[in-house]
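To start, the structure under review is shown below, and the notes come after it.
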Protein chains: 2
Amino acid sequence: MTKRNIAMLQGKWEGDLVQTNDWYQNEALKLKDKNIDLLVLPELFHTPYFPFEENPDFFKMAIQKEDPLVAEWQKIAKTLNCVLVFPFFEKRSTGIYHNSAFVFERDGSIAGLYRKSHIPDDPAFYEKYYFIPGDTGFEPIHTSAGCLGVLICWDQWFPEAARIMSLNGAEILIYPTAIGWAANEPTEIYERQKNSWMISMQGHAIANRVFSMAVNRIGIEGELTFWGHSFVAAPDGFLIEDLSPKHHGFQITSIDLSEIEENRHWWPHFRDRRIDQYQDILKIWGTP
Amino acid sequence: MTKRNIAMLQGKWEGDLVQTNDWYQNEALKLKDKNIDLLVLPELFHTPYFPFEENPDFFKMAIQKEDPLVAEWQKIAKTLNCVLVFPFFEKRSTGIYHNSAFVFERDGSIAGLYRKSHIPDDPAFYEKYYFIPGDTGFEPIHTSAGCLGVLICWDQWFPEAARIMSLNGAEILIYPTAIGWAANEPTEIYERQKNSWMISMQGHAIANRVFSMAVNRIGIEGELTFWGHSFVAAPDGFLIEDLSPKHHGFQITSIDLSEIEENRHWWPHFRDRRIDQYQDILKIWGTP
């Protein structure tokens, strides 16, 4: 059986931590008995998008594996009988924080952990203040729903991450995301920015002939307007699903993982890679 | 001055070698006094798309630097006062053939040579029979029109090539191309295939914040229908130009190279690359 039902949960910050988590949990529980294989939540779904400013108080929102929130969501994975991608603000130790995602198996156990590797820092996205760049590498997480190449947000602009995940066996690239327009940006390029974001990840699907998906938040937080457009792309980049920013809730998309092999037969890119010519990719810049 | 006028010449096989070259030269000469900075021709423009079959007679169509055709086109570069990307079937030595492109400067001199690195081999595209994978690496060619990342056709599916060209300073990725639909493929996916092709190269523009362009042939040759759609994409992937397959001739597109720097200020991807985590890109596959 290569068919999979994937649920994306596109939500927003509901004003406080409890209300927000409640909304996500209530929405997730509507998926009971819907025969889904995989549920993906947006990046840092349980907090506001706090990196809009540098504030030491915000470190208090970070959680550890032992936090009740983790156990609650493990239970939801078990209730829904699905694999669950659970992004969270991780306190690894005192003074060591990551932007991370657990993957839970259908029985609620932890299948794996990914820590965001590429950390942005731009006006209104001051993530380098909060998050140490991840040290989990680009190892996909093997689950009963497929081999999952979990990456997070800014990772989506880096073809190296998608390539290595795919070479390591990923079948679905999964990007929990919190991306939006900042008030300091010219509104006339909003649509172009959103398209760049989507084309970038469609391109990763094509180059590697894997599925690629992003789950983004919606809503307005301060000067940021999150643009939604959570999507699923096929191994040829075709958009199977593309949610409007007005979509507030879950969406189920059916895919067939056998399309990966079919695609790689017709488009045998992996056969022709010139690994003897790629050394410069390990440099910061080509010339001294 | 960072503005550039780029001419693409979208043509087809005209039935024999002389007629085809004549058509391209006549069309190119229409660009005289049009103030163009760069002219790009399609892959193997001076021959039919001969790799549709494996035939030792076809090696006779290969040319060397000393061939009169090369001098003719060097003269055209000088006449038009533009940099010219001249793809050709290269005989490097007896039994050593490449799918290559010269770049000529405005004075007709040779600015550089690129040899196609990734060689396809698919039903009706039997290129591995004819072409040795290039050994020029991914070194952009410095010209008065800009720093040109010349790549050829199948190279377009490999983000590594685009990345290394860009890290080495390329401002415009240029893909002379001969791609079309084969009669053995299901027609219902024609549009999706063409879109994959375009999104792949738009993605390279976005990842590296450079311009990206392809010049493809049109027309029907045997079982192949070349799909045209020569295009120019901005550093955010936006399609500035996209030629219909009915367009038979030149098209001039104006770009501003300063958009690259502007893009890289707003989207500082290069700052955040994790070169400490990319070693696996040098492997054929992740696991033994």
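The table that follows gives values for the structure above.
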quantity	calculated
Count - residues of region B:246-285 that are in a helix (DSSP H, G or I) and among the aliphatic types (A, V, I, L, M)	4
Filter result (outside any helix (DSSP H, G or I), without any contact (Cβ under 8 Å) to a residue 12 or more places away in the chain and open to solvent by 80 Å² or more (accessible area, probe 1.4 Å)) within region A:13-35	A:D33
Scan of region B:243-266 for residues that are hydrophobic (A, V, I, L, M, F, W, C) and in contact with a Ser or Thr (Cβ under 6 Å, 6 or more places away or on another chain), ordered by number	B:L243, B:L257
Residue list for region A:240-266, restricted to those being more than 25 Å from A:K30 (Cα to Cα) and without any contact (Cβ under 8 Å) to a residue 60 or more places away in the chain	A:E259, A:E261, A:E262, A:N263, A:R264, A:H265, A:W266
Flag if A:H269 is in contact with a Ser or Thr (Cβ under 6 Å, 6 or more places away or on another chain), open to solvent by less than 20 Å² (accessible area, probe 1.4 Å) and at the interface with another protein chain (Cβ under 10 Å from one of its Cβ atoms)	no
Every residue from region B:139-172 that is in a loop (DSSP other than H, G, I, E, B), more than 10 Å from chain A (Cβ to nearest Cβ) and not acidic (D, E)	B:S144, B:A145, B:L151, B:I152
Every residue from region A:70-91 that is open to solvent by 20 Å² or more (accessible area, probe 1.4 Å), farther than 16 Å from A:A145 by Cα and in contact (Cβ under 8 Å) with a residue 40 or more places away in the chain	A:E72
Which numbered condition B:V215 misses (of (1) without any contact (Cβ under 8 Å) to a residue 60 or more places away in the chain; (2) more than 14 Å from chain A (Cβ to nearest Cβ); (3) among the aliphatic types (A, V, I, L, M); (4) open to solvent by less than 10 Å² (accessible area, probe 1.4 Å))	(1)
Filter pass, A:A162 being open to solvent by less than 10 Å² (accessible area, probe 1.4 Å) and touching a strand residue (DSSP E or B) at 6+ places or on another chain (Cβ under 7 Å)	yes
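The rows are residues; the columns are (1) in contact (Cβ under 8 Å) with a residue 40 or more places away in the chain; (2) closer than 21 Å to A:Y114 by Cα.
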residue: A:E139; (1), (2): no, yes
residue: A:P176; (1), (2): yes, yes
residue: A:W181; (1), (2): yes, no
residue: A:N195; (1), (2): no, no
residue: A:V210; (1), (2): yes, yes
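The values are calculated or read from the model by the stated rules, or taken from the named source; none is laboratory data. The structure presented is a predicted model; accordingly, all values stated were derived computationally and were not measured. Quick reminder, even Gly has a Cβ in these numbers, built from the backbone with ideal geometry, and neighbours come from all protein chains shown. We work out accessible area using only protein heavy atoms, side chains counted, and drop any ligands, DNA or RNA first. Shrake-Rupley method; radii C 1.70, N 1.55, O 1.52, S 1.80 Å.
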